[in-house]
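What follows is a single structure, written as C-alpha cells, with notes after it.
The values are calculated or read from the model by the stated rules, or taken from the named source; none is laboratory data. Model, not experiment: these values are computed from the prediction. Note that each Cβ is placed from the backbone with ideal geometry, even for glycine, and that neighbours are counted across all protein chains shown. These accessible areas exclude ligands, DNA and RNA; they are computed on the full protein's heavy atoms, side chains included. Shrake-Rupley method; radii C 1.70, N 1.55, O 1.52, S 1.80 Å.
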Amino acid sequence: MLRGILGKTFRLVGYTIQYGCIAHCAFEYVGGVVMCSGPSMEPTIQNSDIVFAENLSRHFHGIQRGDIVIAKSPSDPKSNICKRVIGLEGDKMLTKSPSEFFKSHSYVPTGHVWLEGDNLQNSTDSRYYGPIPYGLIRGRIFFKIWPLSDFGFLRGSPNGHRSSDE
Amino acid sequence: MAQSQGWVKRYVKAFCKGFFVAVPVAVTFLDRVACVARVEGASMQPSLNPGGSQSSDVVLLNHWKVRNFEVQRGDIVSLVSPKNPGQKIIKRVIALEGDIVKTIGHKNRYVKVPRGHIWVEGDHHGHSFDSNAFGPVSLGLLHAHATHILWPPERWQKLESVLPPERLPVQSAEE
C-alpha cells in the first residue's frame with residue numbers, strides 16, 4: 001500500500017521533471033507563443049495580440065534588418081521588449097526623429113543592434129537608450145495567431161526604411 | 001530471426017525513451033542550475049589562471065544563484081560579451097546600478113552606472129577587455145556566478161567575493 005503510493009509519487013515527480021525540462025528546452029531553443037502588450041509596435045502588433053516567436057535564428061545569427069524581435073529590456077532584465085530591428089552593427093543611424101531640424105548620426109557598435117518600435121511617437125527604444133547588445137535578443141516574431149482576422153505572417157514596417165543611409 | 005528482430009526493436013525503443021528523458025534534463029540542468037567552463041586568457045589574473053598561458057582553470061558556474069539577476073560587488077560572474085555575442089567573458093563585478101565609479105582609461109573619468117546595468121572589470125588591469133572599454137553592461141547579459149575552481153586539483157578552492165579596496169565605488173547607491 002505504502003509502496004504503491006510512494007511509487008506513484010516518484011513516477012509523478014519524474015514525469016513533472018521530464019516534461020518541465022522538455023518545455024524549457026522548447027521555449028529556450030525552438031520557440032513559443034507570446035502575448036504582446038503595449039502600444040509601441042502598433043499598427044503591426046496591437047495591444048494583447050498573440051504571436052508565435054522562434055528562437056532558432058538568434059542561435060544561428062540570422063537576425064536581419066526589418067525583423068521583429070523580443071529582447072530583454074536593457075534597463076530591467078526581468079521584462080521583455082518587442083521592437084523592430086532597424087540597424088545592425090556598423091550601420092549609420094539617425095538618433096533624432098527626422099522632423100527635427102538638427103539631425104545627428106551615430107554608428108551602431110560591434111555586437112549591437114538598433115531597435116525601434118513601429119509606433120515612432122509612442123515607443124521607448126534605441127532612440128532613447130541607444131543600441132542594445134545582440135546578446136539581449138531572445139527571439140524573432142514572425143507569425144500572428146490572434147486576432148484571427150490578422151492571422152498570418154507579419155507585415156513590413158509601415159514607416160518605410162527611414163534608417164539606413166548605406 | 002524473429003526473436004532477434006524483437007530484441008533490436010526493444011533496444012531501439014528503450015534507447016529512444018532514455019534519450020528523450022536524458023537530453024532535455026541534462027540541457028535544462030546545465031542551463032538553469034550549474035555548469036563548468038574553462039577560463040582562457042589572462043584578464044582575471046591572479047584570481048584565475050595565475051600561471052599564465054600554460055595553465056587554464058576550470059570553474060563551476062552557478063546559474064541558479066543569479067536567476068533573479070542578483071549580484072554583489074566583488075562577485076566573479078560570467079556574461080555574454082556585449083561586443084561578440086558568441087563569446088562569454090568572466091569578470092569581477094565592481095559597481096551596481098546607481099553607483100558612481102572611477103574609471104581606468106574610459107573616455108569619462110567618472111561614470112554613474114545606469115539602471116539595470118553593472119560595471120565589470122578584470123583583476124588584471126590593463127590586460128582586460130572590460131567595462132573600461134565597453135562601458136556598463138546590461139544585467140540581461142549576465143550568464144552565471146563563478147563560485148569554485150574545480151581544476152587543476154591543487155587549486156581547488158571557493159572563489160571569494162572580494163572587492164579590491166582601491167576599486168570601491170566613489171559613491172554607492174545606498175548612501
Margin query: Can you find a residue that is part of a strand (DSSP E or B) and either under 27 Å from A:I63 (Cα atoms) or touching a residue at least 60 places away in the same chain (Cβ under 8 Å) (or both) anywhere in the stretch B:125-134?
Written below: no
Note to self: Would you confirm whether or not the stretch A:35-43 contains a residue that is touching a residue at least 12 places away in the same chain (Cβ under 8 Å), more than 14 Å from chain B (Cβ to nearest Cβ) and touching a Pro at 6+ places or on another chain (Cβ under 7 Å)?
What the structure shows: yes
Check: Any idea which residue in the stretch B:16-42 is nearest to the other protein chains (Cβ to nearest Cβ), counting only those that are at pLDDT 85 or above and assigned to a loop (DSSP other than H, G, I, E, B)?
Finding: B:V33
Next item on the list: With respect to B:G98, determine if the residue is over 14 Å from the mean Cα position of the chain (by Cα) and on the phi < 0 side of the Ramachandran plot.
Entry: no
Next item on the list: Just need a number here: residues in the stretch B:48-77 that are part of a loop (DSSP other than H, G, I, E, B), open to solvent by 30 Å² or more (accessible area, probe 1.4 Å) and either out of contact with any strand residue (DSSP E or B) (no Cβ under 7 Å at 6 or more places or on another chain) or within 17 Å of B:V93 (Cβ to Cβ) (or both).
Entry: 9
Next item on the list: Report, by residue number, each residue of the stretch A:99-113 that is open to solvent by less than 60 Å² (accessible area, probe 1.4 Å), at pLDDT below 90 and not in a loop (DSSP other than H, G, I, E, B).
Entry: A:S106
Next item on the list: Please go through the stretch B:96-120 and pick out each residue that is touching a residue at least 24 places away in the same chain (Cβ under 8 Å) and open to solvent by less than 70 Å² (accessible area, probe 1.4 Å).
Entry: B:L96, B:G98, B:D99, B:I100, B:V101, B:T103, B:H106, B:V111, B:G116, B:I118, B:W119, B:V120
Margin query: Looking at the stretch B:104-117, can you tell me whether even one residue there is modelled with pLDDT of 90 or more, under 27 Å from B:H63 (Cβ atoms) and under 18 Å from the mean Cα position of the chain (by Cα)?
Written below: yes
Notebook entry, point to check: Is there any pair with a first residue in the stretch B:145-163 that is assigned to a helix (DSSP H, G or I) and a second that is surrounded by 15 or more Cβ atoms within 10 Å (Cβ to Cβ) whose Cβ atoms are under 9 Å apart and which are 6 or more apart or on different chains, and what are they?
Noted result: B:R155/B:D57; B:R155/B:I149
Margin query: A:G130 - would you say it is within 13 Å of the chain's Cα centre (by Cα) and either open to solvent by 60 Å² or more (accessible area, probe 1.4 Å) or under 24 Å from B:S78 (Cα atoms) (or both)?
Written below: no
Check: For the stretch B:78-93, which residues satisfy the criterion of being within 13 Å of another protein chain (Cβ to nearest Cβ) and within 10 Å of the chain's Cα centre (by Cα)?
Finding: B:S78, B:L79, B:V80, B:K88, B:I89
Item checked: Scan of the stretch A:40-51 for residues that are modelled with pLDDT of 85 or more and open to solvent by 40 Å² or more (accessible area, probe 1.4 Å), ordered by number -> A:I50
Next item on the list: Of the conditions (1) loosely packed, with under 11 Cβ neighbours inside 10 Å; (2) within 14 Å of chain B (Cβ to nearest Cβ), A:D76 clears all except one; give me its number.
Entry: (1)
Check: Out of A:I86, A:I81, A:I145, which single residue is in a strand (DSSP E or B), modelled with pLDDT of 85 or more and either hydroxyl-bearing (S, T, Y) or surrounded by fewer than 16 Cβ atoms within 10 Å (Cβ to Cβ) (or both)?
Finding: A:I145
Note to self: Among the residues of the stretch A:44-64, what is the count of those that are of a type outside the set (G, A, S), more than 13 Å from chain B (Cβ to nearest Cβ) and in contact with a Ser or Thr (Cβ under 7 Å, 6 or more places away or on another chain)?
What the structure shows: 1
Item checked: Hits in the stretch B:94-120 - residues which are away from chain A (no Cβ under 13 Å), farther than 14 Å from B:N132 by Cβ and part of a strand (DSSP E or B) -> B:I100, B:K112
Notebook entry, point to check: Which members of the stretch B:121-175 meet the condition of being open to solvent by less than 20 Å² (accessible area, probe 1.4 Å) and acidic (D, E)?
Noted result: B:E121, B:D130
